[in-house]
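Below is one structure, written out as structure tokens; the observations come after it.
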Amino acid sequence: MDTKLQTENLMDNGNFWFPEAVSTFATNVDTLYSFIMFLSYLFFGIIIAATIYFLVKYRKTPQHRKALKHITHNNLLEITWTVIPLFLLMVIFFWGFKDYLNMNIAPGDSQEIRVTAKKWVWDFYYPDTGLTTSSELTVPVNKPIKLIMSSVDVLHSFFIPNMRVKKDLIPNRYTTVWFEAIKPGKYQIFCTEYCGKDHSNMLATLTVLSESDYQEWVKAGDPNKSLPLDQLGQKLYTDKGCVACHSIDGTTNIGPTWKGLYQSNRTFTSGESHIADDNYLRESMVKPMEEIVEGFQGVMPTFAGSLSDREIDAIIEYIKKIK
Ligand code: HEC
Ligand SMILES: [Cu+2]
């Protein structure tokens, strides 16, 4: 099966512990993390040192076989080992809570972008320009971006390591994250909630552009507009994630192959059958549950609303070519 494989490595930046910090709050996240790590190392050292010291000091010797005074507790010691950790945990709590609020409340002047997840592709819709993209999110630098996200099928999770943002996407509900990129470049987006067979291929690219490049990008508009239909169809086949379930070389996958599909006779689980003409192909994309092809399960998500009419035409043109 020819799955969409990203060839570019976008994670090859940053240091041993972290990818490069590219959002306004990324460094805060790392600092708190390092503080907790430092505390853990410190107490690990203290506890191990004390353990070794006592092991040696109170090892079994003839002299130690005598019964010693029976000690039940030590108030000063107990108060000390309660108050010091309490103080440290309170520091971690208030520090973390402050950063948490900051990361969860988007600034009022944020630019909003809608994110839709479906097996196994990310769709982005930019309400202020009317543009849509798949598998690629493009934003301006130094501008707070608020993502309003939902899923059309199962749980997914949206993760941009460089921005230090991660949030679940849930069907029938909106969740949001925001970030402000401080450096133009290309960064990796992952799905981090296991969502089925091609979960690990559910990738997207975040492109951060300078303000002027972003205006250019908006002006250029939909890059797919100038493509001939069948080429657009071929592009959508990977961009929209059809590739995960449909092959073009005749192999049966989760869904039927597209090879020789056009004008062939289709039989359905209902026992009915008819010819795969243009209308049938269209119906299959917008109402996939209407008729289930014999031998398959009704697992195809609907693409109603996420494929424009031109995109549906393009995919049909492409399917016609796969003989
Ligand atoms: C999660 C897997 C999955 C994805 C993703 C998927 N499909 Fe499907 N598709 C199926 C399955 C399973 C069937 C057969 C059952 C049915 O008819 O619903 C099917 C059937 C079809 C059919 C009818 C095929 C036939 O042999 O009669 C078409 C056309 C189609 N899909 C188009 C698409 C397009 C276009 C996309 C991408 C925009 C897509 N599918 C994405 C699983 C998927
Ligand atoms: Cu996913």
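The values are calculated or read from the model by the stated rules, or taken from the named source; none is laboratory data. All values reported here derive from a predicted model rather than from experimental measurement. So basically every Cβ, Gly included, is an ideal-geometry build from the backbone, and we count neighbours across all protein chains shown. Just so you know, the surface numbers come from the protein's heavy atoms only, side chains and all, with ligands and any DNA or RNA stripped out. Shrake-Rupley method; radii C 1.70, N 1.55, O 1.52, S 1.80 Å.
Observations on the model:
- Just so you know, the Cα atoms of the chain work out to an Rg and Dmax of 28.0, 96 Å.
- Lys, Arg +1 and Asp, Glu -1 on Cβ, resulting dipole of the chain about Cα centre, debye, nearest 20: 2100 debye
- Measuring only protein heavy atoms, the 1.4 Å probe finds GLU193 accessible over about 60 Å².
- One equal scatterer on each Cα of region 14-84, no solvent, Debye formula: the resulting log10 I(q)/I(0) at q = 0.17, 0.24, 0.27 Å⁻¹ is -0.88, -1.14, -1.20.
- Anisotropy class of region 258-323 from Cα gyration tensor, a/c 1.5 cut: oblate
- Overall form of region 130-257 per C-alpha gyration tensor (a/c, 1.5; a/b vs b/c): oblate
- Accessible area per residue in Å² at 1.4 Å probe, computed on region 161-252: 47 Å²
- Ratio of Rg to Rh for region 1-131: 1.23 [Cα atoms; Kirkwood radius as inverse mean 1/r over pairs].
- Signed unit charges on C-beta, dipole axis of region 229-321, positive-most listed residue ILE275, SER247, PHE303: SER247
- Pairs of Cα atoms in region 227-287 fall into 10 Å distance bins, from 0 up to the last occupied one, in shares of 19, 53, 24, 3 percent.
- Ordering VAL177, VAL218 by accessible surface, largest first, gives VAL218, VAL177; the 1.4 Å probe counts only protein heavy atoms, with every chain in place.
- Carbon and sulfur %, accessible surface of the chain computed with the full protein complex present, 1.4 Å: 60 percent
- Furthest towards positive pole of dipole, VAL208, MET163, VAL218, structure part region 151-281, Cβ charges: MET163
- For region 189-270: rounded, prolate or oblate by the Cα gyration tensor [a/c cutoff 1.5]: oblate
- Multiplying the residue separation of ILE105 and VAL218 by 0.36 nm and subtracting their alpha-carbon distance yields 38.0 nm.
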